[in-house]
Amino acid sequence: MKVAYFSPVPPEASGIADYSALLLPALREHVDVEVVKRGAKRPPRGVDLAVYHIGNNPEAHGWILDALRRTPGLVVLHDFVLHHLVAGVTIGRRDGHGYLDAMEREHGVVGRLLAHGVLDKRLPPLWEARPEDFPLTGEVLSLANGLIVHSHFVEERARGAGFEGPLARVPHPAWPVPDLPSADIAGGPLFGAFGNVNQSKRVPQLLEAFARVRDDHPDARLLLVGATSPGFDLDRRLQRLGLGGDGIVREGFVDERRLWALMAACDVHVSLRSPTMGETSGTAIRALSLGKPLVVSDVGWFAELPEGVALRVAVGAQEIDDLTAALRLLAERPDARAAMGVAARHLATTEHDLSRVAAGQAAAFERVAGGPAVADAVLREVSEAAGAVGIGAGSAEASEIARRLSEVDLGD
Amino acid sequence: MRIAVLRPQVPFARGGAEIFTDELVDELRARGHEADLVSVPFKWYPGTRVLTQAFLWRMLDLEEADGGRIDIVIGTKFPSYVVRHPEKRVWLVHQFRQAYELDGTDLGQFGSSPEDRALRRQVQDLDRIALGEATRLFATSANVAGRLERSIGLHAEVLPHPPQALPYRTAPSQGFVLSASRLDRAKRIDLLLEAAATQPGFDVVVASDGPDRERLEAVARDRGLDGRVRFEGRVSAERLAELYATCSSVFYAPVDEDFGMGPYEAFLSGKPVITTTDAGGPLDVVHDRRTGLVVAPEAAAIGKAAAWLREHDDEAAALGTAGKALADEVTWDRAIARLLS
């Protein structure tokens, strides 16, 4: 079976490009995959299935959405919230009407009015202010003839949004740990947070909690790795919390080798998020591979990490208190860190095992590519047999046959 | 209790699963249950026939029969367990192996077209649903349970069943190697014939029949084994017991077998078993140099093992005796008590 694969790939800098670079060799052990060149409008001739990797970043995925609009296919949905993507391919292309239509299609007249407010700059951009309330996933779901998601969170929302086609939940694959030395950064313990430094990564809450922990654990350090988002005044916050000096170790955007070295140096990984777009965190997956204990926000995919692997912190009024308690616990209990690390590694090598993930994806490809023909053939034979003994459409007997077929997933 | 034992039937074919289900019904009746066999013909080709024939089971109403409630149904092999019943237990003999580990091999059924690939997945999905409905799920061997867990993530308790009732006895070896497996390619009788061709030290008796018989007889002729290999066809229970009793060893080396009654039958006759490292289910009970010899799936290794057992009567008898101790533990009393618990 041959598959056309629409995805960002390296050297493009995106988490999904990294994901595809990891997955493709394993996937090719199961199916013939042709990676489609960026910008292509249609799948190449002769393929049995087109697979579209859709995420929320319009730079990385706008062209893929364009191709999906021309040729429906299987969608690997990396984020449930696609508002930023839709805004990018409408407003970002000077197509304000497209944005109005998209908002109206999914959120009615109120949606259209809100979109007007955004276009007129009377409202802040919804993709920044309230993306989770206006996910704008409907068009992609309507074009998908099959779906692969990474989490129950996205699965439930896709079904809730009315997607009725075949859906497979296939976890994000785990990277093998590269043979690299750890960065030489000490801490007692060393907490690490990776990714953009901003509000949605809960950095203000993390800094507050860490400052409290440091009051009674003066050797604790916090490694912050990633670019600071525009408008986020990290230095002022550090100063206000008295976190100058050696309590904070700061690195900006780093390459993959440095990322692994820094992650390996940490005793605990903190991966917070709110709001969530339904994404899976690539750095959290790397932490699992490294066998590191995690502290995560109790939202989306993060909330699905087993308790033995991650301490979950609810977003809200008690967040800083709970986060402080979680960090303290892990600072004071090396035995707990070790046990969680073992559990993390186990999770990486089982549920997130690369070959298992590739097999799961290939199975989903096969179901979507040939499934309709199989369903048609089964229904044809069963209905012919029923008709031959006088069971007519709409009869009670026909209803029972339909119900039995549906029970075993052989028809609707 | 009223118990229905479910068995798909391939017309004109009879093998281990048929013997097992017949005996299960007899043994249930012997323990005071009202038991009966429910059988539906099964044909798995061409195309989607594998699904539509399986679906026949779904349309059966086995909640009651003749005005009386059926308390338990016991599914055995694909697709009998597709039936619906509030107390569906499954004693899994095997899944539809062409959709699993045999896919992509000479013994597979599904090609590389999208339709065939999806059909295979649909069989797996059907298994996941139908087996997932079972109130208790047993497998006849660790191999069957392992495949189930690996393929669709369902856990089954391992519950071996006794072999067919034969007048088992032990007698001095007459020096031949016995094969009583059905004659089809998966049983690899040709490995034994090739082994005989490499080792002059033993004769072979093949006491079974099947679609591969003609080819195997040709292999024997081509290898110059006339006079050393005897094809007896399907034999009576008495004759089979006699062959078991008087052989020097029993050859049983199918590819990744589900369970296989062969080793138990050999053991109850006090005989060691020659099997191979890739045989699957038999390895649950054939342990190298404890109850038999486990060798590489190569003619030379099998020939050497057969010759050694023929030349070492005492050691062969000791292995057979150890096997008998294992086989004696597998009784219908124990199996049925667990099955109905």
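The values are calculated or read from the model by the stated rules, or taken from the named source; none is laboratory data. It should be emphasised that the depicted structure is a prediction, and the values quoted were computed from it without experimental measurement. Counting neighbours? That spans all protein chains shown, and the Cβs are built from the backbone with ideal geometry, glycine included.
A few points about this structure:
- Check on residue A:197, closer than 30 Å to residue A:356 by Cβ and not acidic (Asp, Glu): no
- Taken together, the residues in segment A:19-60 that are surrounded by 21 or more Cβ atoms within 10 Å (Cβ to Cβ) and of a type in the set (D, E, K, R) amount to 1.
- Segments classed as helices (runs of 4 or more DSSP H), wholly inside segment A:297-412, with at least 3 members that are surrounded by 15 or more Cβ atoms within 10 Å (Cβ to Cβ) and away from chain B (no Cβ under 14 Å): A:319-332, A:334-349, A:354-388
- In segment A:212-242, the residues that are over 22 Å from the mean Cα position of the chain (by Cα) and either buried (at least 20 other Cβ atoms within 10 Å of the Cβ) or assigned to a strand (DSSP E or B) (or both): A:213, A:214, A:220, A:221, A:222, A:223
- Condition met for residue A:264 (touching a helix residue (DSSP H, G or I) at 6+ places or on another chain (Cβ under 7 Å) and farther than 24 Å from residue A:347 by Cα): no
- Qualifying position, being in a helix (DSSP H, G or I) and either modelled with pLDDT under 95 or not aliphatic (A, V, I, L, M) (or both), among A:286, A:273, A:250: A:286
- Listed by first and then second residue, the pairs with beta-carbon distance under 9 Å, at least 6 apart or on different chains, first residue in segment A:84-108 and in contact (Cβ under 8 Å) with a residue 12 or more places away in the chain and more than 19 Å from residue A:129 (Cα to Cα), second of a type outside the set (S, T, N, Q) and outside any helix (DSSP H, G or I), are A:105/A:136.
- Applying the set (1) modelled with pLDDT of 95 or more; (2) away from every other protein chain (no Cβ under 14 Å); (3) more than 19 Å from the chain's Cα centre (by Cα) to residue A:22 leaves exactly one unmet item: (3).
- Those helices (runs of 4 or more DSSP H) lying entirely in segment B:276-341 with at least 2 residues out of contact with any His (no Cβ under 8 Å at 6 or more places or on another chain) and within 20 Å of residue B:244 (Cβ to Cβ): B:299-311, B:313-329
- Number of the condition not met by residue A:181 [criteria: (1) farther than 19 Å from residue A:72 by Cβ; (2) touching a Phe, Trp or Tyr at 6+ places or on another chain (Cβ under 7 Å)]: (2)
- Failed item, numbered, when residue B:329 is tested on (1) within 20 Å of the chain's Cα centre (by Cα); (2) closer than 22 Å to residue B:168 by Cα; (3) at pLDDT 95 or above: (3)
- Of all residues in segment A:283-296, at least one satisfies being under 28 Å from residue A:157 (Cα atoms), surrounded by fewer than 20 Cβ atoms within 10 Å (Cβ to Cβ), not hydrophobic (A, V, I, L, M, F, W, C) and not assigned by TED's automatic domain parsing to the domain that holds residue A:134.
- The number of residues in segment B:117-137 that are facing chain A (nearest Cβ under 7 Å), of a type in the set (Gly, Ala, Ser) and in contact (Cβ under 8 Å) with a residue 12 or more places away in the chain comes to 1.
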